[in-house]
Amino acid sequence: VTVYLTRRYRLSASHRLHDPRLSDEENRARYGKCNNLHGHGHNYFVEVTVAGKVDPHTGMVCDLEALDRLVSAKVLVPFDHQNLDLVPELRGAVTTTENLCRAILDLLRDGLSHEHLNAVRLDRVRVEETPRNSFEVAADGSPGI
Ligand code: NI
């Protein structure tokens, strides 16, 4: 039987929704106050779900500390308390939470081959932007921004 493990992380960052291919007026029409010149911040929650079999020796689906190390190295260190518009991992993308979700999935996808996580597969990434908005991407989707 497959067990799904979801781990929740806090991520605080700023951004501004702005597409440089559009005029200022078009950006305002599309993104509203999210296009305000000096940006704004969010206290995001990032949820990472992995799936696997329960190890008969440990009774666990994966090593939580190994998962924390991976998420920290790939996501929290580069993104936390940063301006997302300037983070190299998101270059070229409007920093919507949809795109943030996809970028996080791509960054974590390969890391699970790490020695302590090779028994699980990445199932999904969910990012909560506000109490009213959350976005989720499944790992079986197509890769890349
Ligand atoms: Ni925003």
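The values are calculated or read from the model by the stated rules, or taken from the named source; none is laboratory data. Remember, it's a predicted structure, so these values are computed and weren't measured experimentally. As a convention, Cβ positions derive from the backbone with ideal geometry for all residues, glycine included, and neighbour counts pool all protein chains shown. All accessible areas refer to the heavy atoms of the entire protein, side chains included, with ligands and DNA or RNA removed. Shrake-Rupley method; radii C 1.70, N 1.55, O 1.52, S 1.80 Å.
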Expected output for segment 79-106 (first residue under 14 Å from H42 (Cβ atoms), partner among the acidic types (D, E), Cβ below 8 Å, 6+ apart or cross-chain) is F79/E89; T95/D85; T97/E129; C101/E136
Counting only residues in segment 1-59 that are among the small types (G, A, S) and within 16 Å of the ligand (Cβ to nearest atom), the one surrounded by the most Cβ atoms within 10 Å (Cβ to Cβ) is identified as A13
Filter segment 116-140 for residues that are assigned to a loop (DSSP other than H, G, I, E, B) and in contact (Cβ under 8 Å) with a residue 12 or more places away in the chain; the one that is nearest to the ligand (Cβ to nearest atom) is E129
The condition of being aliphatic (A, V, I, L, M), more than 16 Å from the ligand (Cβ to nearest atom), surrounded by 15 or more Cβ atoms within 10 Å (Cβ to Cβ) and not in a strand (DSSP E or B) holds, among L108, L100, only for L108
Every listed condition ((1) modelled with pLDDT under 95; (2) part of a helix (DSSP H, G or I); (3) surrounded by 15 or more Cβ atoms within 10 Å (Cβ to Cβ); (4) not hydroxyl-bearing (S, T, Y)) holds for E65 save (3)
**Asked** Is it true that V94 is within 14 Å of the ligand (Cβ to nearest atom), touching a Leu at 6+ places or on another chain (Cβ under 8 Å) and over 16 Å from S12 (Cβ atoms)?
**Response** yes
Cβ pairs under 8 Å, 6+ apart or interchain, first in segment 5-28 and over 27 Å from N43 (Cβ atoms), second open to solvent by 40 Å² or more (accessible area, probe 1.4 Å) and part of a loop (DSSP other than H, G, I, E, B), ordered by first then second residue, are none
